[in-house]
Amino acid sequence: MRTLINYLLLVAISSVKFLGGPIVYWRTQKYGEINLDFWMTNISIIAGGMLGVSIIIYLSEHIIPVYRKIKKIFQKYFYNKKQIFANLTVDTDQPLEVHYEYVERKNEKRKTFTPRNRRIIKLWKKFGLIGIAALTPVLFSIPIGTFIITRLEHNDKKILLYMFISITAWSFLLTGIFELYHLRSIPEIISE
């Protein structure tokens, strides 16, 4: 039962912060707290990573409106824009005649390119979906990287495939390195 809980813990950790899964595996191997199987560990890490990717792909359409509402509330109460012009006042004894000219204006929202948006677009143009999917597990994190990818690529099956390949490769690479490190340090422990 305890082993099952440990593997479920690996799934939960890997779904949020991918590097946490291999690090937990390394710590358990190094200190001998719990012996986790290499293959089951990789399956758990991959399952956790793909669970995180699937959740973000599903929720990304719902996250944006909530984020915008929170941002608007935050700006309303915490961001004070200085008023450049004073309110219009008229000080005259003469009758005042006001003429309005109505002009039709399209209410198109212009895209705002912040420095962060520029960096993301530059990264996308340089590496594309394959590059960002490859960097997501180790550089960003599963939720952030997947969210960025879903904003730029709309084919969910393609996202899932590339993220699966990336997560699988990183999982086997990192747990393999930790396994080799652990096997190399066993003779030192025995000789002591």
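The values are calculated or read from the model by the stated rules, or taken from the named source; none is laboratory data. It should be emphasised that the depicted structure is a prediction, and the values quoted were computed from it without experimental measurement. Cβ atoms come from the backbone with ideal geometry, glycine included; neighbour counts cover every protein chain shown.
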Go through the residues of region 51-62 one by one and say whether even a single one is of a type in the set (Gly, Ala, Ser), at pLDDT 90 or above and either surrounded by 21 or more Cβ atoms within 10 Å (Cβ to Cβ) or assigned to a helix (DSSP H, G or I) (or both). yes
Go through the residues of region 63-79 one by one and say whether even a single one is at pLDDT below 65 and surrounded by fewer than 11 Cβ atoms within 10 Å (Cβ to Cβ). yes
With the first residue restricted to region 9-24 and required to be surrounded by fewer than 19 Cβ atoms within 10 Å (Cβ to Cβ), and the second required to be β-branched (Val, Ile, Thr) and at pLDDT 85 or above, Cβ contacts under 7 Å at 6 or more apart or on different chains are 16/142; 19/138; 20/13
From the option list 21, 48, single residue qualifying as at pLDDT below 85, in contact with a helix residue (DSSP H, G or I) (Cβ under 6 Å, 6 or more places away or on another chain) and of a type outside the set (D, E, K, R) is 21
Could you please tell me which pairs satisfy a Cβ distance under 6 Å, a separation of 6+ or placement on different chains, a first residue in region 113-131 that is under 20 Å from residue 162 (Cβ atoms), and a second residue that is hydroxyl-bearing (Ser, Thr, Tyr) and at pLDDT 80 or above? 129/162
Filter region 149-192 down to residues that are at pLDDT below 85 and of a type in the set (Phe, Trp, Tyr) and give me whichever is surrounded by the most Cβ atoms within 10 Å (Cβ to Cβ). 178
